[in-house]
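First up is the structure itself, then whatever we jot down about it.
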Amino acid sequence: MYFPRIFLAAAIAFSCTAYAQNAATFDNKKTVTIPRIDTPEQVAQYQNVTFEVDSNTNGWKLTGGNVLNSQTPGYQVGSVNLDKVEVVKTTSFPVGIYLKAISANVNGCPMMDSVRIYHKLVESRFYVNISVPSYVNDNTNPQYACTADRKPFNQTVVLPVYGLKAGTYFYDVNGIKGSFIIDIDNKFATDISN
């Protein structure tokens with residue numbers, strides 16, 4: 001069976017960083033949905049990408065997906081403009097690191113119950129993207145009245161820091177950058193894995 005290179009690369013990259021709720025799904029033995037595909041420049045640049053079995057070629061064909069910060073009629077997915085990011089570090093061992101992303105207001109018509117959080121660790125830097133799908137008031141969604149109300153936004157991101165070596169780590173959350181320190185290797189000495 002033929003698989004496009006982007007599909008294989010995405011599946012491999014995704015399988016290394018996915019949580020269970022972000023796992024790719026295979027539906028009815030003909031459609032695969034990948035919640036996110038990263039590009040070198042942007043974590044989660046492509047979201048909810050779908051491939052279907054092409055019976056003509058016995059391979060896969062790309063059938064859908066959302067490009068971050070682009071718009072389709074009536075709907076868009078965009079990064080949240082943040083005011084600040086606060087680091088919360090637990091005092092217990094193993095250490096937990098949480099990033100509190102805060103914005104005084106988010107305009108437009110965001111679907112706050114559909115916030116998407118994706119992250120990847122490259123060397124010592126966490127790249128985090130927080131995006132929210134929004135309706136666009138362009139008459140393509142007449143059932144949804146878009147208002148000019150601005151809403152506060154607070155979202156906590158849990159970083160997967162268990163197993164990391166002691167050292168300084170950096171983060172980039174929707175363009176806001178900072179760092180935190182892990183004082184000692186963050187894993188139990190009795191663990192079998194490295």
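The values are calculated or read from the model by the stated rules, or taken from the named source; none is laboratory data. What you are looking at is a predicted structure, and each value in this text was computed from that prediction instead of being measured. Cβ: placed from backbone, ideal geometry, glycine included. Neighbour counts: every protein chain shown.
The figures follow:
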{"read-out": "Any chance Y98 is touching a Lys or Arg at 6+ places or on another chain (Cβ under 9 Å), modelled with pLDDT under 95 and not in a loop (DSSP other than H, G, I, E, B)", "value": "no"}
{"read-out": "For V128: the one exception among (1) modelled with pLDDT under 90; (2) buried (at least 18 other Cβ atoms within 10 Å of the Cβ); (3) under 12 Å from A101 (Cβ atoms)", "value": "(1)"}
{"read-out": "So S55, is it within 30 Å of K151 (Cβ to Cβ) and either modelled with pLDDT of 70 or more or not basic (K, R) (or both)", "value": "no"}
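Conditions (1) at pLDDT below 65; (2) part of a strand (DSSP E or B); (3) surrounded by 17 or more Cβ atoms within 10 Å (Cβ to Cβ); (4) touching a Lys or Arg at 6+ places or on another chain (Cβ under 7 Å), marked per residue:
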| site | (1), (2), (3), (4) |
| --- | --- |
| D138 | yes, no, no, no |
| N141 | yes, no, no, no |
| C146 | yes, no, no, no |
| D149 | yes, no, no, no |
| F153 | no, yes, yes, no |
| V158 | no, yes, no, no |
| Y162 | no, no, no, yes |
| K165 | no, no, no, no |
| T168 | no, yes, no, no |
